[in-house]
1. Among DSSP beta bridges whose residues both lie in the chain, state the antiparallel percentage, nearest 5.
2. Through the Karplus equation 6.51 cos²θ - 1.76 cosθ + 1.60, θ set to phi - 60°, convert the phi angles of segment 90-100 into ³J(HN,Hα) values in whole Hz; use x for Gly and Pro.
3. Answer with a single label: of (1) 19.7, 55; (2) 18.4, 60; (3) 14.3, 48, which was calculated as Rg and Dmax of the Cα atoms in Å from the structure in view?
4. First select every other residue whose beta carbon is under 14 angstrom from the beta carbon of TYR22; then total the charges, Lys and Arg +1, Asp and Glu -1.
5. Which order do the peptides 21-30, 102-111 come out in when sorted by mean C-beta neighbours inside 10 angstrom, highest first?
6. Can you give the accessible area per residue of the chain, in Å², using a 1.4 Å probe?
Amino acid sequence: MAAITWIELPGGADCSATGRFYGDALGWTITDDGDTVWFDDGAGHAGAFRGDLRPAIDAGPILYLDAGEIEAVLVRIAAAGGEVVTPRTEIAPGVGHRATFRDPAGSLLGLWERPRAA
(Lines give C-alpha, C1' and ligand atoms only; values in the text may rest on other atoms or scores of the structure.)
Protein backbone atom coordinates (compact mmCIF):
# COMPACT_ATOMS: atom_id res chain seq x y z
CA MET A 1 0.00 0.00 0.00
CA ALA A 2 1.05 3.58 -0.59
CA ALA A 3 0.76 5.05 2.90
CA ILE A 4 1.46 8.70 3.59
CA THR A 5 4.98 8.84 4.99
CA TRP A 6 5.89 12.53 5.10
CA ILE A 7 4.07 15.86 5.15
CA GLU A 8 5.43 19.26 4.15
CA LEU A 9 3.37 22.29 5.15
CA PRO A 10 3.84 25.91 4.10
CA GLY A 11 5.66 27.72 6.87
CA GLY A 12 5.26 31.28 5.60
CA ALA A 13 7.93 33.90 6.08
CA ASP A 14 8.72 32.60 9.59
CA CYS A 15 8.76 28.80 9.79
CA SER A 16 9.85 28.98 13.44
CA ALA A 17 6.70 30.94 14.35
CA THR A 18 4.56 28.49 12.38
CA GLY A 19 6.18 25.61 14.27
CA ARG A 20 5.46 27.32 17.60
CA PHE A 21 1.80 27.72 16.55
CA TYR A 22 1.43 23.97 15.93
CA GLY A 23 3.27 23.13 19.14
CA ASP A 24 1.05 25.47 21.19
CA ALA A 25 -2.26 24.77 19.42
CA LEU A 26 -2.00 21.03 18.74
CA GLY A 27 0.74 19.79 21.03
CA TRP A 28 3.03 18.67 18.21
CA THR A 29 6.72 18.19 18.99
CA ILE A 30 8.66 20.86 17.11
CA THR A 31 12.39 20.72 16.41
CA ASP A 32 13.98 23.86 14.97
CA ASP A 33 17.59 23.19 13.99
CA GLY A 34 18.13 26.63 12.49
CA ASP A 35 17.81 25.41 8.90
CA THR A 36 14.63 23.34 9.04
CA VAL A 37 11.63 23.30 11.37
CA TRP A 38 10.50 19.69 11.83
CA PHE A 39 7.29 18.43 13.40
CA ASP A 40 6.02 15.15 14.86
CA ASP A 41 2.33 14.80 15.69
CA GLY A 42 2.93 11.97 18.16
CA ALA A 43 0.77 9.57 16.12
CA GLY A 44 3.37 8.51 13.60
CA HIS A 45 3.12 11.46 11.21
CA ALA A 46 6.08 13.73 10.72
CA GLY A 47 7.23 16.40 8.34
CA ALA A 48 8.60 19.90 8.04
CA PHE A 49 7.51 23.47 7.45
CA ARG A 50 8.82 25.05 4.26
CA GLY A 51 9.04 28.76 3.60
CA ASP A 52 9.01 28.27 -0.18
CA LEU A 53 5.57 26.58 -0.31
CA ARG A 54 2.41 28.58 -0.89
CA PRO A 55 -0.49 27.81 1.45
CA ALA A 56 -3.58 25.99 0.23
CA ILE A 57 -6.18 28.71 0.51
CA ASP A 58 -9.45 27.26 -0.78
CA ALA A 59 -8.47 24.82 -3.52
CA GLY A 60 -6.84 21.44 -3.45
CA PRO A 61 -6.83 18.76 -0.78
CA ILE A 62 -7.45 19.60 2.86
CA LEU A 63 -5.45 17.71 5.45
CA TYR A 64 -7.77 16.67 8.32
CA LEU A 65 -6.36 16.04 11.79
CA ASP A 66 -7.95 13.74 14.38
CA ALA A 67 -8.79 16.36 17.00
CA GLY A 68 -10.40 14.39 19.79
CA GLU A 69 -12.60 17.20 21.12
CA ILE A 70 -12.90 19.84 18.36
CA GLU A 71 -14.19 22.67 20.56
CA ALA A 72 -11.18 22.46 22.90
CA VAL A 73 -8.76 22.38 19.96
CA LEU A 74 -10.44 25.39 18.30
CA VAL A 75 -9.95 27.38 21.52
CA ARG A 76 -6.23 26.54 21.51
CA ILE A 77 -5.96 27.36 17.79
CA ALA A 78 -7.50 30.81 18.29
CA ALA A 79 -5.34 31.48 21.36
CA ALA A 80 -2.20 30.53 19.41
CA GLY A 81 -3.00 32.91 16.54
CA GLY A 82 -4.98 30.75 14.14
CA GLU A 83 -8.37 31.55 12.60
CA VAL A 84 -11.45 29.33 12.87
CA VAL A 85 -12.98 29.14 9.37
CA THR A 86 -15.74 26.56 9.86
CA PRO A 87 -16.95 25.82 13.40
CA ARG A 88 -17.70 22.29 14.63
CA THR A 89 -20.28 20.87 12.22
CA GLU A 90 -21.83 17.40 12.04
CA ILE A 91 -20.74 15.49 8.93
CA ALA A 92 -23.55 12.94 9.13
CA PRO A 93 -25.12 10.87 11.92
CA GLY A 94 -22.59 8.32 13.13
CA VAL A 95 -19.72 9.81 11.08
CA GLY A 96 -18.54 12.53 13.43
CA HIS A 97 -17.94 16.26 13.25
CA ARG A 98 -15.56 18.50 11.32
CA ALA A 99 -14.17 22.03 11.50
CA THR A 100 -11.59 23.98 9.51
CA PHE A 101 -9.00 26.58 10.46
CA ARG A 102 -6.21 28.67 8.97
CA ASP A 103 -2.78 28.65 10.52
CA PRO A 104 -0.78 31.91 10.78
CA ALA A 105 0.92 31.15 7.44
CA GLY A 106 -2.51 31.02 5.74
CA SER A 107 -2.87 27.26 5.19
CA LEU A 108 -6.36 25.78 5.48
CA LEU A 109 -6.55 22.56 7.52
CA GLY A 110 -9.39 20.52 8.96
CA LEU A 111 -10.21 18.85 12.24
CA TRP A 112 -12.19 15.65 12.62
CA GLU A 113 -13.93 14.46 15.76
CA ARG A 114 -14.92 10.79 15.98
CA PRO A 115 -18.56 10.01 16.73
CA ARG A 116 -19.29 9.84 20.45
CA ALA A 117 -20.64 6.64 21.93
CA ALA A 118 -24.36 6.80 22.54
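The values are calculated or read from the model by the stated rules, or taken from the named source; none is laboratory data. This structure is a prediction, so every number in the text was calculated from the model and none was measured. So basically every Cβ, Gly included, is an ideal-geometry build from the backbone, and we count neighbours across all protein chains shown. SASA here: full protein model, heavy atoms, side chains in, ligands and nucleic acids out. Shrake-Rupley method; radii C 1.70, N 1.55, O 1.52, S 1.80 Å.
1. 75
2. 5, 6, 6, x, x, 9, x, 10, 9, 7, 10
3. Here Rg and Dmax of the Cα atoms in Å agrees with entry (3).
4. Working: positive: ARG20, ARG50, ARG76, ARG102; negative: GLU8, ASP14, ASP24, ASP32, ASP40, ASP41, ASP103.
In short, -3.
5. 102-111, 21-30
6. 58
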